[in-house]
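Take a look at the structure below.
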Amino acid sequence: MMKYQVLIKTISGRGGEFWEAFQRMPTEPMKGVMIESSWSLYGYWDFVIFFKADSNENSLHFVGEVLRAIPGIADTSTHR
């Protein structure tokens, strides 16, 4: 499995809404993806999520279809 980090910028005033919804997400939100940890940040990015995926395709599906479906996200940046 490959390790990834995704930086998340939330819409102003909606960080709490995003965080509450994210905290309800299971550790394995989809087949082939496992969330390892998450942190709140200060600065341009509001949160960082560290996860593992068994393929680049699954990492793209997780960020694009699962994570970005949570209300309140303005922008993401994913790194491996």
If you take the residues of the stretch 36-71 that are over 10 Å from the mean Cα position of the chain (by Cα) and of a type in the set (Phe, Trp, Tyr), which of them is nearest to Ala21 (Cα to Cα)?
Trp39
Mind checking which residues of the stretch 39-56 are touching a Leu at 6+ places or on another chain (Cβ under 9 Å) and among the small types (Gly, Ala, Ser)?
Ala53
Search the stretch 26-68 for residues being polar (S, T, N, Q) and more than 13 Å from Arg80 (Cβ to Cβ), and hand back the single one that is surrounded by the most Cβ atoms within 10 Å (Cβ to Cβ).
Ser38
Residue check, Ser77 free of Cβ contacts under 8 Å to residues at least 24 places away in the same chain, surrounded by 13 or more Cβ atoms within 10 Å (Cβ to Cβ) and not in a loop (DSSP other than H, G, I, E, B)
no
Quick count over the stretch 16-49, residues being among the charged types (D, E, K, R) and assigned to a strand (DSSP E or B), is 1
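Values quoted throughout were computed directly from the atomic coordinates according to the rules given, and no laboratory measurement underlies them. Everything quoted here is computed from the prediction, not taken from an experiment. Every residue, glycine as well, gets a Cβ built from its backbone with ideal geometry; the counts of neighbours run over all protein chains shown.
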